[in-house]
Every structure is written in C-alpha cells, then in structure tokens.
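In what follows, a single structure is set out as structure tokens and then discussed.
The values are calculated or read from the model by the stated rules, or taken from the named source; none is laboratory data. Note that the coordinates shown come from a computational prediction; the quantities given were computed from them, not determined experimentally. Note that each Cβ is placed from the backbone with ideal geometry, even for glycine, and that neighbours are counted across all protein chains shown.
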Amino acid sequence: MSTSSSSSTSPAEEVQGGDGGEGQGGGGFEGPSSSRRRMRSSNGVWPDPFVEALAFQVAIDASRNIGRLAAAQALFNIFQVCSTWRAISRSERLWQNVTQHIWNIRHRLHDTWREEYIFRHRTAANFRLHRYEYTTLHFVPTDSNNSDSLSCRRLALSDHHLAAGFFDGSVQLFHLPTRLHLSTFYPQPRDRLGHFSTAISGIILSDTQLVFATLDGDIHIAVINAVAPLRRALVGDVVNDGVLVDFTGCNQWWVGLYAGAPGRAFHVWNSETEELVYVGGVLTDPDAVMGWHLLNELTELIGRVRVASHGTAVACTSLRILVLDLTNQGIVLQEEEIPRGITVSCFDTNEESMVIVDSRTMASVRRVDTLEEICRFRVRGASQRGILGCVNGGYGLMCAGGVIRVWEIEHGSYLYNFRERIGKCNALIADERHVAACSADATIHLWDFGAQ
C-alpha cells in the first residue's frame, strides 16, 4: 500500500475553528469579528430554535453559493457571535440537518452527527487537496485461461464494501476496511442466448445486500455475511424485453435500461416487493440491433441509467438524455438531444447533478431537475474512444490513457491527476470517500480519501 502526502488537518478545519483557505470555504464571508459586531445587538432575545434555523440556512446558502466546504466557515462565524449562539454548536439536530443536506448522508457512521459532519468535511477537503491512500485488491480469477472472464463490466461501492462484476457473470465482493476478498458470486445456470448473456450489466450494493443483473435480464440477490445462498429474484425474458444494457437502483427502486424491443426501454421495480411497476419508453429503440449484438460481441456502451434524488432516474444514449419520474408511471420530466453526441462511458450523476461529455471531449455539468448547465470543462488528454468517467457529490473524474484526472464540479476547475497510471481501464466509480477502477489485467485499484 502506498500513501500520498496526507498531513493532518489543522484544528481550524474541525468546524468550530473554521476552514480558512482558498477553495475550502474561506472566501466570500465576513470574518468572525465583523459578524459578531453586526449581530450582537439583538442576539440575547433570540430563542434557540430560531438561531438553529438561522445557522442551518447560512450553512446551506454558503454551500450552494460557494461550495460545500464553505459551510464550515459559515457555521464558525455564527458560533462566534456570542456564548449563547456558540451553545447551538452542541445541537445534534443542527448537525444532523446540515450533514444530511450538504453531504447527502442519511445514516451516520460515527458516534454523533457533529463527528459525522467533520469527517465528511475533511474527506471532501482531502479530495480537493489530493490526499489519499492507494492500494490494489487481489482475488483469484474464476477462469484464468479465459481473457473474457478478466474483463470487468461494473463496479459498485457502499460504506464498507466494493463489488466488481465481470463478463463471465461472476461478482467479486471485497471488504473495504480490511481490503480483503470476501466472496465470489455466480449466476445460477440455465439455458442462455449468446456467449455474453451472463455478463454483469449492473450492481446495486449496500452493506447488507448485493443485487446484480446480467445482460439477459436475470436479477440475483445475496445477503452479505449470511449463510443464505444467492437467490435469483427475477428471470429475464430477453426475447420479449431485449437486452438489459444497464441496471441500477436504490433502497426504493430498481431500474433497468433495455435495448432490442421497441417501446420497452425502461423497466422499473419496487425494490422491496420486487414487483414490476412500469415498462415503457423509446430511448434505446434506435439501438435495438446493437443491443442484440451485445450478447455475442464486445461493443461500445449503448446507454447508461442512474437513480438521482426525488424519485427520478436519468438515462442517456449517444444522442439523447432523458429524466424519468419513477413515482408517476415513468413520465418523462426532461429530455434533450445533444447535437455533438454523448460519450456514454463518461455519463454519470450524483443526487443533484450530472456530467455529460460530448464527442469533442467537452464536459457539461447540469442540474438533474432542469438540465440547466452549472459549468463546463475540457477533458484533458482524452479522445472520444477509451475514456471513462464518474462523479460524486463534488468532483468529476475522467480516466483517459491510463491517467485519472479530477475536476471540481461546482465551477469546473481542474484540480490534479492521480499519480498512479493504471493502463487501460474497464470500469471506474467514485463515492464521497473512495475511488475504484479495474484495469484490463483485472487489477482493482482503490484510492481512499477518508479523513485519518
């Protein structure tokens, strides 16, 4: 394991002490003394709930207007007004609200919400400042004589696990804290149509459950750390539905993107009951023939689908992007044709925004709900072919020529590239703490930005 320069974060970054410095929330706000002089006159009569609400709103405004790292300095300014206002810094309700809204966290990993906020803030700062630990994960290939089995199709991350899905249908599961390989899962045997019909088309991963789908539409479920065997939840019908080219979901929905059968591009299931609740859409109708070829050929990606916030899914092909309402019979909320085309392998979303890269390697960051452009940047060192991209809450990552480069997606500024060259990359993923990539030799690379 190799470690980048990771000098300890100063006490000033622990929220109470602010977070000075350009790009980390220091700019754009008055200093503590000026804020204190201006607000002190009336603070004695303001009730605690009002001050809490004020602190929350100031933090959210700073996050939206300057960036997520700016919220800590904004909160510090509020806490310095007087001792009464400083007491609000001990409110777990305040820290829970700001953590959930700024970092999109619904369950904490630390003892208190304040500790959770500090950890998330420091981890995001590490992302910006190029501080990480790098390692590789090792496993025994299911068939070392078959080069197809070494080709990774999908990666998925949870708080404590990483899953990698391969062309031969196997899914490798790793434990992130220990970096150890835990299990290998295989699709249950049955009659298949096409050499690559069992190739993994999508993985949904939590710390308790693994759900994965194959190109022929089968969906399997495994309970992590349980003795229960892998269960095939749904049997695919590739003849009538087409090929399941991408599969994603959350704790409420499973969403499949199909190509091959007209008018059946999207399938949506209730993830709790496993009931199919919607079938429809024509997004991939022009790609039907290519969809069928996926069963026997290694072709370009046809489309991607991602679940965003507020019950929406975002999908794209090489020509069009579409926002789907999952809660209302698949109504199309937004749709746009991209004149210069879309590099499908670079498309990704977080809960609020998406990144689209066109055929000239220009990236556009847009809001999910409106498709409004937030910023744009040129993807360095890239041609249209052989480039992969992903995004987390604050940063976009693009891998081209074996080099992973990082941009912040609030203003489109280029930050740095990873020092490790990984060669040809087959899959790339990022969450708020980890980045994982699988190279053509089946090496799984892992970068950990977690606060130490």
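Taking strands (runs of 3 or more DSSP E) that do not extend beyond segment 164-210, which have at least 2 residues that are within 23 Å of V305 (Cα to Cα) and β-branched (V, I, T)? Reasoning before the result, please.
Values: elements: 171-175, 180-185, 200-205.
Those strands (runs of 3 or more DSSP E) span 200-205.
Farther than 24 Å from E420 by Cβ, surrounded by 16 or more Cβ atoms within 10 Å (Cβ to Cβ), charged (D, E, K, R) and modelled with pLDDT of 90 or more: does that describe R114? Yes, satisfied.
Can you pull out the residues in segment 73-108 that are buried (at least 18 other Cβ atoms within 10 Å of the Cβ), without any contact (Cβ under 8 Å) to a residue 24 or more places away in the chain and hydroxyl-bearing (S, T, Y)? Selection gives T99 alone. Among the residues making up segment 80-100, those that are modelled with pLDDT under 90, assigned to a helix (DSSP H, G or I) and either within 16 Å of A125 (Cβ to Cβ) or not small (G, A, S) (or both) are T84, W85, R86, I88, R90. For segment 346-384, a residue qualifies if it is touching a Ser or Thr at 6+ places or on another chain (Cβ under 9 Å), under 18 Å from R304 (Cα atoms) and of a type outside the set (A, V, I, L, M, F, W, C), and the qualifying residues are N350, E351, E352, D358, S359, T361, R366, R367, D369, Q384. With the structure loaded, tell me whether D207 is charged (D, E, K, R), in contact with a strand residue (DSSP E or B) (Cβ under 8 Å, 6 or more places away or on another chain) and modelled with pLDDT under 95 or whether it fails that test. The answer is yes for D207. Filtering segment 182-203 to residues that are out of contact with any helix residue (DSSP H, G or I) (no Cβ under 7 Å at 6 or more places or on another chain), surrounded by fewer than 17 Cβ atoms within 10 Å (Cβ to Cβ), in contact (Cβ under 8 Å) with a residue 12 or more places away in the chain and not hydroxyl-bearing (S, T, Y) leaves L182, Q188, R190, H195.
Of these, E336, E352, which one is without any contact (Cβ under 8 Å) to a residue 40 or more places away in the chain and touching a strand residue (DSSP E or B) at 6+ places or on another chain (Cβ under 8 Å)? Give the steps one after another, and end with the answer.
Numbers: E352 fails: without any contact (Cβ under 8 Å) to a residue 40 or more places away in the chain.
Within the list E336, E352, the selection yields E336.
Picking from V171, V245, which residue would you name as being in contact with a Leu (Cβ under 6 Å, 6 or more places away or on another chain), under 21 Å from A440 (Cα atoms) and touching a residue at least 40 places away in the same chain (Cβ under 8 Å)?
Numbers: V171 fails: in contact with a Leu (Cβ under 6 Å, 6 or more places away or on another chain).
Within the list V171, V245, the selection yields V245.
Note on segment 230-308: enclosed strands (runs of 3 or more DSSP E) holding 1 or more residues that are crowded, with 21+ Cβ neighbours inside 10 Å and over 20 Å from the mean Cα position of the chain (by Cα) are 242-249, 253-260, 266-270. From the list G393, G402, pick out the single residue that is of a type in the set (G, A, S) and surrounded by 18 or more Cβ atoms within 10 Å (Cβ to Cβ). After applying the criteria, what remains is G393. A residue that is in a loop (DSSP other than H, G, I, E, B), among the polar types (S, T, N, Q) and surrounded by fewer than 24 Cβ atoms within 10 Å (Cβ to Cβ) cannot be found anywhere in segment 332-349. Look at segment 204-219: where a residue is within 13 Å of L155 (Cα to Cα) and touching a residue at least 12 places away in the same chain (Cβ under 8 Å) and a partner is crowded, with 22+ Cβ neighbours inside 10 Å and hydroxyl-bearing (S, T, Y), sitting 6+ places away or on another chain with Cβ atoms under 8 Å, you get I204/T248; A213/S201.
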